[in-house]
Each structure stands twice: as C-alpha cells, then as structure tokens.
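Input: a single structure, listed below in structure tokens.
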Amino acid sequence: MKVDRIIEAGILATFAAFVGVLFFSLHDNVVKAGDRAPDFSIRADNGKIITAKDFGGKLLLLNFWATWCGPCISEAPALNKLQQTLGPDGVVILGVSEDEDPKAYQNFLARFQISYLTARQPSKDIRLKYGTIQIPETYLIDRNGKVVEKVVSDADWASARMIEHVKSLL
C-alpha cells in the first residue's frame, strides 16, 4: 500500500513537472501584439528567399495555414481580395503553409487562384518561432517589425470593416 502511494506520488510529480515545462516553454515563445516579430527566412513559391526584414516600409500579414484546415479554406478568397485591394497601398500577405504534401498544396493554390505570396514549410519552424499552436493564425507586422495585431482563427479580410482596419495600420 505504501509503495503504491509513493509510485502514485512520483507519477503525479512527474506529470506536474511535464505540464509546467510545456506551459512555460510555450508561454515564453508566444508572440503577441506589441512584441517584436521574430525574424525568419523562407523560400517563397516565386523562388525568392524572404525574411521578416524584407518588408520594411510595408505592413506584413503573416498567415499560417494548411490545405486541410476548414477555416483556412474559408479565409483564402478574402485574403486574395485584401491583397488585391491594399497591395498597391503597401500591404503584403505571406501565407506559410504547413502542408507536407506538395501536390495538395499546389492544387489548393490553383483551385483558389491565390494571388498573394506563399511558401510551404512542413517543418513548421517559423510557426513555432511565433508560438502558433492552431491555424489559421495571422500576425499583422508593421514597417518597424512590431506585431501590431494577432488574429487567431479565420477572419473576413474582405469585409469593408476589415479593409478599413488594415488600411488604418499603414
């Protein structure tokens, strides 16, 4: 009986330590509004190496997504419209997909006629730097590299209200 309680206590202590480490490691890496955006480097579909510093003077919408994600699918057309509407004013959208299947990824881009800058990163390195644990998630990063807003889940980027809001951040 006493041995069982000691084993139980040991298991409970180990579990509590694991949960604590997990919480604090994620908590330290979660980027929020007001934080400096972590730097990154990725090869976009157009072949160019893109870094966070490439967007000086522009507002960057860094969007994490995947082809199998329902909310990501629903917001793709709206992101297209936002890019077409505010791209000339200095808004740049970079969609970073975590898809492992390059064919599914390419089919998605063709199906939705994605017009904004995209890249595929199955390793999720950039996503993890930002502390993103669910998708879609979008970071609005100003010309100075500061996160001005974080949008968790999908958004109606094509709505008049959202277009005006994003425009106000330029």
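Miscellaneous remarks
- Selected residue (criterion: nearest to ASN46 (Cα to Cα)) from residues of segment 84-104 that are hydrophobic (A, V, I, L, M, F, W, C) and more than 13 Å from the chain's Cα centre (by Cα): VAL92
- Taken together, ASP89, ASP28, ASP54 contain a single residue that is at pLDDT below 90, closer than 25 Å to HIS165 by Cα and surrounded by fewer than 19 Cβ atoms within 10 Å (Cβ to Cβ), which is ASP54.
- Those residues of segment 50-84 which are touching a Lys or Arg at 6+ places or on another chain (Cβ under 8 Å) and closer than 23 Å to ASP101 by Cβ, in sequence order: ILE50, PHE64
- Screening the candidates SER97, SER123, SER115 for the property of being of a type outside the set (Phe, Trp, Tyr) and over 22 Å from LEU140 (Cβ atoms) yields one hit, SER123.
- All strands (runs of 3 or more DSSP E) inside segment 19-119 with 2 or more residues being on the phi < 0 side of the Ramachandran plot and among the small types (Gly, Ala, Ser): 91-97
For every residue, the table says whether it meets (1) part of a strand (DSSP E or B); (2) closer than 19 Å to GLU100 by Cα.
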site	(1), (2)
PRO122	no, yes
ARG127	no, yes
ILE133	no, yes
TYR139	yes, no
ASN144	no, no
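- Being within 22 Å of GLN121 (Cβ to Cβ) and over 16 Å from the mean Cα position of the chain (by Cα) is a property that LYS81 lacks.
- Test result for SER115, in contact (Cβ under 8 Å) with a residue 12 or more places away in the chain, of a type in the set (S, T, N, Q) and in the same structural domain as GLN84 (by TED's automatic domain parsing): yes
- Matching residues in segment 128-149 - criterion: being surrounded by 20 or more Cβ atoms within 10 Å (Cβ to Cβ) and not acidic (Asp, Glu): TYR130, THR132, ILE135, PRO136, THR138, TYR139, LEU140, ILE141, VAL147
- Some residue of segment 156-163 being more than 21 Å from ALA44 (Cα to Cα), out of contact with any Ser or Thr (no Cβ under 6 Å at 6 or more places or on another chain) and surrounded by 20 or more Cβ atoms within 10 Å (Cβ to Cβ): yes
The values are calculated or read from the model by the stated rules, or taken from the named source; none is laboratory data. Owing to the predicted nature of the structure, the values given are computational and were not obtained by experimental measurement. A quick note on method: Cβ atoms are made from the backbone with ideal geometry, for glycine too, and the neighbour counts reach across all protein chains shown.
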